[in-house]
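What follows is a single structure, written as structure tokens, with notes after it.
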Amino acid sequence: MRKRNLKNHLKDLNSDMTQVIDTNKYIEFVRQTTSPASSDFAQLLSRLTELEATADADVPRLLTAALGMSAEAGEFTEVVKKIILQGKPYNEENAFHLKRELGDICWYLSQAFMALDTNFEEILKMNYEKLSARYPEGTFDVYRSENRVEGDL
């Protein structure tokens, strides 16, 4: 960004920071844009029952996997954050800690495999096929990473 544009950009940022946000209106917006299953226990219970009964979803394992993987990934990330940003040493002890967190992630990943009736090999194969289609030359490409073809999740 050129110097003049940067100055205008900073001026705009400063003026945005001085605007008052009506937090009550924002809370009402959040309330209105929240799904029934996210805000009402009876609706949540109904949805969970529907998923178990009609969709054959293994809700307890899916929930265990989703909550566990995100929690353990957060613990892994916390160690990396402290090493990179806060001066914690990258040493054998901290590498061991990271490996232990990866083991916990694998445990929850296995819960997801069971919930989805799959295994690590199938998921790796699917991932390989997806990335091979995205990067047919076999190397990373910034454009392709940002501009996906339809269906490339």
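Of all residues in segment 30-54, those that are more than 24 Å from A115 (Cβ to Cβ) and assigned to a helix (DSSP H, G or I) have Cβ atoms under 9 Å from Cβ atoms of residues that are open to solvent by 90 Å² or more (accessible area, probe 1.4 Å) and basic (K, R), 6 or more apart or on another chain, in S39/R31.
A count restricted to segment 88-146 and to residues that are outside any loop (DSSP other than H, G, I, E, B) and among the β-branched types (V, I, T) stands at 3. Here Y143 fulfils each of the conditions (1) out of contact with any Ser or Thr (no Cβ under 7 Å at 6 or more places or on another chain); (2) under 22 Å from L51 (Cβ atoms) apart from (2). Contact annotation: residue pairs with Cβ atoms under 8 Å, 6 or more positions apart or on different chains, pairing a residue in segment 91-119 that is more than 16 Å from S70 (Cα to Cα) and free of Cβ contacts under 8 Å to residues at least 60 places away in the same chain with a partner that is among the aromatic types (F, W, Y) and open to solvent by less than 50 Å² (accessible area, probe 1.4 Å), are N119/F113.
Checking each residue in segment 88-112 for being more than 18 Å from the chain's Cα centre (by Cα) and open to solvent by 100 Å² or more (accessible area, probe 1.4 Å) picks out Y90, E92, E93, F96, K99, R100.
Condition test on M69, is it modelled with pLDDT of 95 or more and either open to solvent by less than 60 Å² (accessible area, probe 1.4 Å) or among the hydrophobic types (A, V, I, L, M, F, W, C) (or both)? Spell out the reasoning first.
Details: modelled with pLDDT of 95 or more: yes; either open to solvent by less than 60 Å² (accessible area, probe 1.4 Å) or among the hydrophobic types (A, V, I, L, M, F, W, C) (or both): yes.
Yes; evaluated as a whole, the condition is true for this residue.
The values are calculated or read from the model by the stated rules, or taken from the named source; none is laboratory data. Just so you know, these numbers come straight off a predicted model, no measurement behind them. Cβ sites come from the backbone with ideal geometry, for glycine too, and all protein chains shown count toward neighbours. Ligands, DNA and RNA are stripped out before the accessible areas are found, and what is left, the full protein with its side chains, is counted by its heavy atoms. Shrake-Rupley method; radii C 1.70, N 1.55, O 1.52, S 1.80 Å.
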